[in-house]
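See below for the structure under consideration.
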Amino acid sequence: MVVTAENRDLKIVNVENNCFEQYAFNSHVTVAKWHPRHPSKILIGSVKGEIRMYDLEKKAFETDFTAFFNPKLEKKDSNSVVDLAWSPGEDVFLALFKNGQLRLYGQHEIGHKMEFETQSGGGVSKACWVDNVSGDFITSSARVGAIKIWNASQPQHKEMIKVSRHGISSIVACQRYHFLM
């Protein structure tokens, strides 16, 4: 299965039989991520800061995490969801916003579990979990050439490593703190 997003339309394509299902979303889709252990569930983020989970088996949106946002957030372009990252070991995910906010949500919980320190000067653009280190994840920015290492139990980053003079467009964790860019 492959997910494509075009404006407000989300298409789930079965590449084996070239069939697809199309779903309308409330606003322009910015990111979509499959659940690593529940392949029928997909998280969808939007330009308005909405995060919803769609269940392919039920053919319905199962959870609207937007309803649990902090009231001080306004729905405008600066709150656009730029990335979502499922934890490989738990039913939690990270949400990264254009305005620099970084939050941890639980799939079965109301509200966010943790709000991390706001990332100024370009915010964060990508996140990935470190598979073999419980609770550790990495973030990068498209504007600043540094990566930050975090633990899901602490609101501040543990370490920052300058790796470039320019922004970082992609990160992947492989083994403890070795990165591909």
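Of all positions in region 13-24, at least one carries a residue that is of a type in the set (G, A, S) and modelled with pLDDT under 85.
If you check D9, D83, D64, D55 for being over 24 Å from L102 (Cα atoms) and at pLDDT 75 or above, only one passes: D55. Close Cβ contacts (under 7 Å, 6 or more residues apart or on different chains) running from residues in region 16-32 that are over 16 Å from K59 (Cα atoms) to residues that are assigned to a loop (DSSP other than H, G, I, E, B) and among the β-branched types (V, I, T) comprise S27/V47; H28/V47; T30/V47. For region 33-52, check the following and say yes or no: at least one residue is modelled with pLDDT under 85, basic (K, R), over 25 Å from S153 (Cβ atoms) and loosely packed, with under 14 Cβ neighbours inside 10 Å. Checked against the condition, which is being modelled with pLDDT under 85, basic (K, R), over 25 Å from S153 (Cβ atoms) and loosely packed, with under 14 Cβ neighbours inside 10 Å, region 33-52 yields no hits at all.
The number of residues in region 121-171 that are surrounded by fewer than 16 Cβ atoms within 10 Å (Cβ to Cβ) and among the charged types (D, E, K, R) comes to 6.
Has region 147-157 got at least one residue that is under 19 Å from G100 (Cβ atoms) and among the small types (G, A, S)? Yes, region 147-157 contains a residue that is under 19 Å from G100 (Cβ atoms) and among the small types (G, A, S).
Taken over region 121-133, residues that are more than 12 Å from the chain's Cα centre (by Cα) and at pLDDT below 85 amount to 6. When region 134-181 is filtered for residues that are modelled with pLDDT of 85 or more, closer than 21 Å to G89 by Cα and not small (G, A, S), the ones remaining, listed by number, are D136, F137, I138, T139, K148, I149, W150, N151, Q154, P155, H157, K158.
The values are calculated or read from the model by the stated rules, or taken from the named source; none is laboratory data. The structure presented is a predicted model; accordingly, all values stated were derived computationally and were not measured. Cβ atoms come from the backbone with ideal geometry, glycine included; neighbour counts cover every protein chain shown.
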